[in-house]
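Report on the structure given below.
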Amino acid sequence: MITDRQGEIATALKQDISRSQYDTPLFELIGLENEISLAVSKLAQWAAPRHVERNLLTISDQAYIQPEPLGVVLIIGAWNYPWALTLQPLVGAIAAGNAAVLKPSELSEYSASLLKALLPRYLDQELYPVVCGGVSETQELLRQRFDHVFYTGNSTVGKLVMEAAARHLTPVTLELGGKSPCYIDKDVDLRVACRRITWGKFVNCGQTCIAPDYILCEPSIQNRVVEGIRQTLLEFYGPDPKSSPDYGRIINQRHFNRVMTLLEGYTATVGGQSDASQRYIAPTVVKDVPPQARLMQEEIFGPLLPIVTVSDIDDAIHFLNEREKPLALYVFSSNKKVIKRMLAETTSGGVTVNDVIMHYTLNSLPFGGVGQSGTGRYHGKHTFDQFSHHRACLVKSLGMEEVNVVRYPPQNRQKAQNHLTAFTYILTIIEKVCWNGKQYTVANIGNP
């Protein structure tokens, strides 16, 4: 579907969010194709029983973990990347053997309508129906009992999803957001850092859940950071980003007004221009932003980049740990000690050092938040696991019944002491068994 209909998908995204047709494969489809290819090639391995270690009482038995489908799952997609963030979870849900109801975001209405029209042509619509609509339709879906709910969006709605799921004791995956910080060390290559940060912040008009939300740096390099971003913006989007085919727009008027309200009372160091009729907000940088500013109290989810100064790495770590755990953390430094401290003394859903967003592209890494930034994780096998019940299985032999006498009544002190002595002796013998030239312990007897 995504190969056959790439042109239609690109057109829908252009209508929804003014995204360039050349960005559609990169930001929506390539990762999705990789997820599908990985699931197809690895499914037999993922679904196979995983044998586990046994103890003395189960030494002749089979012990393994068997992945099983959960049943019917609900996937509530997001509008900022409506194809990737709706269909990537579906890949894992299907691989794990589940049926799934898809609820694309009503804010990306053209993509939602196209998905509803296309998916039944490629998948059984009784097993994978698409439900379009707004808040009332989503609320009605959440009243139903599902075996898992997967939601991507903001934390306010995420809490409502979790509350609704709790009525049925339904487990949830919440892919939320928050303020993802970006720390720039004074000794890093600022040209490279500013290029990578500028790309990650302003791609999709800042509407990316793991975009750098704000910069932390020392006052001595703040002006150089600003200038580096200014020059990069000129290179990426030209002197007038509004006319650049590579620069997007805010999704709707409500979000446009919300982002502009965050900027009130501040003078933009870079950018600041806007056009409500086109929902256009220029790439904007604001320096010397105080920590208590409104810009620093909520996720921006738009093309505004505040810079907060800190005195040193200790101050930066303290600043980060005073706030909610972010979905992503970015650290730019050439100093291994700085990197090590940032990784060891802070926490976040994910972290990328000397780049932004790129940890999302590795399906071998689990993607998800922690605390207020989300719960659960997906991508690659992690999605398969998220949509599977890992059933504990023990298949015992009817032999060696004499070993079980230790747990049968009647019990007395002498019997218990005799069994302890016997078990200690058996354990000693087994630990000395040499099989195929290897020393085996009780834990790995039968698992060469």
Which count do you get for residues in region 1-35 that are within 21 Å of Tyr378 (Cβ to Cβ) and either outside any helix (DSSP H, G or I) or of a type in the set (Asp, Glu) (or both)? 5
Could you check region 109-141 and list, in sequence order, the residues that are polar (S, T, N, Q), touching a residue at least 60 places away in the same chain (Cβ under 8 Å) and either in contact with an Asp or Glu (Cβ under 7 Å, 6 or more places away or on another chain) or not in a helix (DSSP H, G or I) (or both)? Ser111
Could you list, in sequence order, the residues of region 381-403 that are modelled with pLDDT of 95 or more, charged (D, E, K, R) and either surrounded by 13 or more Cβ atoms within 10 Å (Cβ to Cβ) or part of a loop (DSSP other than H, G, I, E, B) (or both)? Lys381, Asp385
Could you give me the residue pairs with C-beta distances under 7 Å whose first residue belongs to region 182-206 and is of a type in the set (Lys, Arg), whose second residue is part of a strand (DSSP E or B) wherever it lies, and which are 6+ apart or on separate chains? Lys201/Leu305
Taking region 76-104 and keeping residues touching a strand residue (DSSP E or B) at 6+ places or on another chain (Cβ under 8 Å) and assigned to a loop (DSSP other than H, G, I, E, B) leaves Gly77, Ala78, Ala96, Gly97, Asn98, Pro104
Hits in region 184-238 - residues which are under 20 Å from Ile300 (Cα atoms) and part of a loop (DSSP other than H, G, I, E, B): Gln207, Thr208, Cys209, Ile210, Ala211, Pro212, Asp213
If you check Thr361 against the conditions, is it in contact with a Gly (Cβ under 9 Å, 6 or more places away or on another chain), in contact (Cβ under 8 Å) with a residue 40 or more places away in the chain and of a type in the set (Val, Ile, Thr)? yes
If you go through Asn204, Asn223, the only one that is over 17 Å from Phe332 (Cα atoms), assigned by the TED database to the domain that holds Gln297 and modelled with pLDDT of 95 or more is Asn204
When only residues in region 57-77 that are over 28 Å from the mean Cα position of the chain (by Cα) and among the hydrophobic types (A, V, I, L, M, F, W, C) count, which is surrounded by the most Cβ atoms within 10 Å (Cβ to Cβ)? Ala63
How about region 333-352: which of its residues are buried (at least 20 other Cβ atoms within 10 Å of the Cβ) and in a strand (DSSP E or B)? Gly350, Thr352
Scan region 92-115 residue by residue and report those that are among the β-branched types (Val, Ile, Thr) and closer than 19 Å to Leu174 by Cβ. Val101
Would a scan of region 416-435 turn up a residue that is modelled with pLDDT of 75 or more, farther than 30 Å from Asn34 by Cα and under 19 Å from the mean Cα position of the chain (by Cα)? no
Residue under evaluation Pro104, criteria (1) loosely packed, with under 15 Cβ neighbours inside 10 Å; (2) in contact with a Ser or Thr (Cβ under 7 Å, 6 or more places away or on another chain); (3) under 21 Å from Asp16 (Cβ atoms); (4) not hydrophobic (A, V, I, L, M, F, W, C), criterion not met: (1)
Just a yes or no: is a residue in region 78-97 assigned by the TED database to the domain that holds Ile30 and either in contact with a Cys (Cβ under 8 Å, 6 or more places away or on another chain) or surrounded by fewer than 16 Cβ atoms within 10 Å (Cβ to Cβ) (or both)? yes
Going by the structure shown, is Val131 out of contact with any Cys (no Cβ under 9 Å at 6 or more places or on another chain), surrounded by fewer than 17 Cβ atoms within 10 Å (Cβ to Cβ) and farther than 30 Å from Arg249 by Cβ? no
Counting only residues that are buried (at least 18 other Cβ atoms within 10 Å of the Cβ), over 30 Å from Thr152 (Cβ atoms) and either modelled with pLDDT under 95 or of a type outside the set (Val, Ile, Thr) (or both), how many does region 226-244 have? 1
When you scan region 48-56, do you find a residue that is among the small types (Gly, Ala, Ser), more than 23 Å from Thr361 (Cα to Cα), surrounded by fewer than 19 Cβ atoms within 10 Å (Cβ to Cβ) and not assigned by the TED database to the domain that holds Ile250, even just one? yes
Candidate set: region 308-332, residues that are over 24 Å from the mean Cα position of the chain (by Cα) and outside any helix (DSSP H, G or I); chosen: the one surrounded by the most Cβ atoms within 10 Å (Cβ to Cβ): Val308
Looking at Arg249, Arg254 in this structure, which one is basic (Lys, Arg), closer than 20 Å to Phe301 by Cα and part of a loop (DSSP other than H, G, I, E, B)? Arg249
It is to be established whether one or more residues within region 365-385 are within 14 Å of Lys179 (Cα to Cα), of a type in the set (Asp, Glu) and under 17 Å from the mean Cα position of the chain (by Cα). no
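The values are calculated or read from the model by the stated rules, or taken from the named source; none is laboratory data. Fair warning: this is a prediction, and the values are worked out from it, not measured in the lab. Reconstructed Cβ throughout: ideal geometry from the backbone, glycine too, with neighbour counts over all protein chains shown.
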